[in-house]
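Structure, as structure tokens:
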Amino acid sequence: MKARKSLLLGILVVAMACFCASPLLAQDPSNDKPKPAARVLMPLPDLSGDQQDSDQSGQAMEPDHGPISGVQAGTLGTSQLRHSYWVTGLQYGNTAETNSVNTSQTSGWTTTNYASGNLSLLEAWAHAQFGMNYSGGGFFSSASGQGNGQFHQLSSAFELDQRRWQMLVIEQFSYLPQTAFGFGGATGLSVPGITGALAAPLPGLQPTFVPGQSAFSATGPRYSSASAAQLTYMVSRRGSLTAAVVYGRLRFNDAGNISNDTQILSVGYNYAITRKNYVGVIYRFTAYHFPGDPQALGDQVFQLMYARRVTGKIALNLAGGPDWSNFRVPVNGTRQTLSGGGMASLSYALNKSALRVGYSHGISNGSGVFAGSSTDEVQASWGRPISRAWIASLNLGYSRNSTIVKLKALSSPSYASWLTGAGLDRPLGRSARFSFGYQAQIQASNGLVCTTTACQTTQVTHQIQMSVQWNAPPQVIR
């Protein structure tokens, strides 16, 4: 029993140190031996752990070895974890909002209560790792047209790392009463599983490979899934080949929205100029299908890529190149188009704060309002401790969806979606967390937004959100 308690205490310390370790402890590992299974740090380090615990363990971080032409988002690094565990929890959240795009109510405040169970699981072997985060439960709303229902969020990943090749399988799924773009704001409702140091940190998909939901005008419950399988093979000490397939689905319960299926094939080459600088090329083919609509879209992208990774401090990714699109049914007499596409992302960690900024431009699934669209999307977030217990955060998002083929005057519609917010988060003892935030959502269009009885070109929604999460002690598997 004493050994079990000591092992459990060690797991807690290591789990919190993996997220809170200072970037000054980062070091470059040797590439001569295969790496043991590692925990992956998300682009923004976890700033919600107890700061006093982070100083008690000096576990060094390893560089992010993920291929720059792969499907996963770049991270600030990885940290070894040699033990496996699972942890469960409960969560309650509340969102009060006015003038919601997602309901038929045009005035007054409405509230939605969320209650869920959470599960985080991490199983690590010598050269492999499986992790899962899940949240699921029900919601109860006073908003007309929304009522009561259920919601689910799941993310899982399996990684296999051998001497010359690596395999990655990722699954991301959500069933939500509204768009995932801004859902939950700065509270823990937006993240599946346990939040904080005990969460199972997993590699996440780049936004390009996830069905877009960035138009608030697409209303009602919907489920979204993205399943990815990737294989990387080292052809030399500096070069590697990466191939991946991704299948995505977006389905709406309510009529008036455009559901879609997405199949993606991606092939890339990666080359390490130095330990911190990388270049690559990528070819990606995406097929978009829209159930019930004869239209289909084939999109081909060829991009040059550059990445700089300084472990624990910076992760920069740049990509750009031509984009060819082909319509099954000609649009305004046009069957093929040529444009440019690209992306840029930056994760930067200072001593006590972290910044993440991402931008992408290209052809997307249409976010439920178009059968394929030209999309620009920007997301930024910043977090910093403001006291020993409280963590402050800011977030900003912008997306513009427009028709791929430009039509005349207002017959070529476009939708611009803005969200901005701020939040506070703090632990309540060792097994609970409290978060509180405000968020504004703005939907603008060059036509009329008629999701309510009153049509208008711009609609603004104000949201006040809070969340309380409790977790049981983690259970060590081995």
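Here the average projected area of the convex hull drawn through the C-alpha atoms of segment 127-237 stands at 8.7 nm². ARG433 sits among other residues whose Cβ lies under 10 Å from its own Cβ, and their net charge, with Lys and Arg +1 and Asp and Glu -1, is 0.
A simple count of charges around MET234, restricted to other residues whose Cβ falls under 12 Å of its Cβ and scoring Lys, Arg +1 and Asp, Glu -1, yields +3.
In this structure the amide hydrogen of ILE404, modeled in the peptide plane, comes within under 5 Å of the amide hydrogens of SER374, none closer than 5 places in sequence on its chain. Quick one: divide the alpha-carbon radius of gyration of segment 258-387 by 2.2 N^0.38 Å and tell me what you get. Compared with the compact-globule rule of thumb, segment 258-387 sits at 1.29. Local charge for GLY342 was computed over the other residues whose Cβ lies under 13 Å away, with Lys and Arg +1 and Asp and Glu -1, and equals -2. Highest mean packing comes first when the peptides 466-476, 222-232 are listed by Cβ atoms within 10 Å, giving 222-232, 466-476.
Values quoted throughout were computed directly from the atomic coordinates according to the rules given, and no laboratory measurement underlies them. As the structure is a computational prediction, the values presented were derived from the model and not from experiment. In this analysis, Cβ positions are derived from the backbone assuming ideal geometry, glycine residues included, and neighbour counts consider all displayed protein chains.
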